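Visitor: Below is the structure I would like to discuss, written out as structure tokens.
Only the coordinates and a few stated rules stand behind these numbers; no lab work does. Quick caveat: nothing in here was measured; it's all calculated off a predicted structure. As a convention, Cβ positions derive from the backbone with ideal geometry for all residues, glycine included, and neighbour counts pool all protein chains shown.
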């Protein structure tokens with residue numbers, strides 16, 4: 001008789017129960033202007049599950065203490081829980097090393113850290129930095145500031161009418177002067193999912209490191225920084241169902257260890273005298289001062305929540321909503337969708353004939369529907385498509401087809417007002 005172990009039969013995957021997910025988010029039971037809340041502003045910030053809210057309360061009611069310095073029980077407990085989150089982030093991004101995870105206030109601060117520390121050390125007069133035409137301001141302005149300071153030049157990858165970057169033009173931008181590439185993974189204004197892996201490979205073939213702004217990617221798809229071979233990756237906690245004021249910078253240890261600290265203070269030092277300061281090891285050399293301890297701990301809970309559901313399942317749910325919502329809005333003749341890239345995440349930006357986006361957003365609000373209106377911190381995108389602003393519906397793991405039906409009905413009410 002064979003002694004080989006029988007392989008377990010995989011259990012069938014449970015269907016995505018969006019109503020069960022919605023019950024985890026207390027704010028979704030609220031009403032706005034007397035109507036059920038339809039929250040479609042997830043690209044700006046996501047709502048928080050009760051588990052994340054509980055984690056914040058638990059820290060302040062049971063463990064409140066500063067970390068890394070104390071020998072008393074509360075400090076040791078808070079330190080342990082906080083540092084366990086760093087390990088959770090390491091697994092969330094599949095980083096090779098624990099020390100490659102740096103806590104920051106958000107994606108914006110992570111980009112500024114890299115521009116200030118790595119950029120200042122490696123970009124000189126006459127050099128070039130490549131970004132794309134669909135960046136958030138957070139991945140434009142820090143590089144502009146660096147280039148202005150150093151006398152370097154910012155080069156921009158153009159985007160086509162659909163919202164796809166023109167890769168042939170990207171490849172032509174490289175020269176011996178190119179020192180850095182900073183790209184958005186998913187556009188907050190268009191929903192475009194950039195082909196970042198081949199773009200990273202192109203940059204590396206020229207010996208150029210790459211930073212990815214993952215603020216709109218990490219909440220919606222699995223990210224593997226080792227598989228991407230990206231040098232730096234950033235995301236924000238509040239976009240991934242965690243609290244505001246906390247985010248993550250991933251950096252390859254080989255890059256980080258040669259970068260000077262960008263802020264000075266406590267915890268980023270090993271020893272200080274008036275003659276000399278010796279800086280701490282990674283990751284702490286980039287984490288000056290008391291961090292957002294409660295936010296970091298609650299971020300860990302948020303990552304537990306989304307990984308518990310499964311990022312692949314979340315992506316499939318949101319892809320279904322995107323298809324459905326795009327069909328609904330495309331059936332309204334007065335609606336023009338801005339950005340229809342070949343690969344998109346759950347963002348539907350649109351303009352409505354005869355109505356300013358701010359008026360659209362105001363009327364929808366009175367129907368209980370929360371969308372974002374404006375330039376979405378992406379003014380060059382608006383200029384590219386010849387619009388002053390758009391209305392943007394952005395999807396999350398708790399949204400439903402019924403909410404998109406409500407959005408379409410709300411748009412028809414706007415048309416009645418402006419018809």
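Visitor: Just 119, 300, 207 to compare: in a GNM of the chain, with alpha carbon springs under 10 Å, which one fluctuates most?
Guide: Its mean-square fluctuation being the largest, the pick is 207.
Visitor: Among 301, 290, 373, determine the one that fluctuates most according to a GNM of the chain built with springs between C-alpha atoms less than 10 Å apart.
Guide: Per the Cα network of the chain with a 10 Å cutoff, 290 tops the list.
Visitor: Would you work out if the stretch 23-158 is rounded, prolate or oblate? Take a ≥ b ≥ c from the square roots of the eigenvalues of the alpha-carbon gyration tensor; rounded if a/c is under 1.5, else prolate when a/b is larger than b/c, oblate otherwise.
Guide: oblate
Visitor: Please give the peptides 124-135, 274-285 ranked by average Cβ packing (other Cβ atoms within 10 Å per residue), highest first, as a rough proxy for protection.
Guide: Highest to lowest by the protection proxy: 124-135, 274-285.
Visitor: Here is a further query. Quickly work out the residue 80-to-residue 315 label distance, labels modelled 7 Å from Cα along the C-beta direction, and quote it in nm with one decimal.
Guide: If labels sit at residue 315 and residue 80, their model points lie 3.6 nm apart.
Visitor: For the pair residue 330 and residue 160, how long in nm is the line joining their label points, each one 7 Å along Cα→Cβ?
Guide: 1.7
Visitor: Show me the ranking of peptides 399-406, 41-48 by mean Cβ neighbours inside 10 Å, starting with the highest.
Guide: On the way: 399-406: 18.0, 41-48: 22.0.
Those peptides, ordered most packed to least, come out 41-48, 399-406.
Visitor: Run the numbers on the chain and let me know its relative contact order in percent, using alpha-carbon pairs under 8 Å that are six or more apart.
Guide: 22
Visitor: Taking the Cα centroid of the stretch 342-401 and of the stretch 52-80, what is the distance between the two, rounded to the nearest whole Å?
Guide: Between the Cα centres of the stretch 342-401 and the stretch 52-80 lies a distance of 40 Å.
Visitor: Okay, next question. Test of understanding: what is the full-extension gain from residue 44 to residue 409, defined as 0.36 nm times their sequence separation minus their Cα-Cα distance?
Guide: Computed gain between residue 44 and residue 409 is 129.1 nm.
Visitor: Please report, largest first and rounded to whole Å, the three semi-axes of the ellipsoid equivalent to the stretch 141-232, where each semi-axis is the square root of five times an eigenvalue of the C-alpha gyration tensor.
Guide: Square roots of five times the eigenvalues give 21, 16, 14 Å.
Visitor: Averaged across orientations, what area in nm² does the convex hull of the alpha carbons in the chain project?
Guide: Result: a mean projected hull area of 26.3 nm².
Visitor: Which order do the peptides 303-310, 85-92 take when ranked by the mean count of other beta-carbon atoms within 10 Å per residue, highest first?
Guide: Values: 303-310: 16.8, 85-92: 19.4.
Ranked by mean Cβ neighbours within 10 Å, highest first: 85-92, 303-310.
Visitor: Quick one: Cα centre-to-centre distance for the stretch 192-261 and the stretch 16-47, in angstrom?
Guide: The two parts, judged by their Cα centres, are 29 Å apart.
Visitor: With springs only between Cα atoms under 10 Å, which of 75, 236, 271 fluctuates most in a Gaussian network model of the chain?
Guide: In the Gaussian network model the winner is 271.
Visitor: Suppose R0 equals 45 Å; then what is the FRET efficiency for residue 175 and residue 417 from their Cβ-Cβ distance, rounded to the nearest 0.05?
Guide: 0.30
Visitor: With a Förster radius of 30 Å, plug the Cβ-Cβ distance of residue 365 and residue 229 into 1/(1 + (r/R0)^6) and report the FRET value to the nearest 0.05.
Guide: For R0 = 30 Å, the calculated efficiency reads 0.10.
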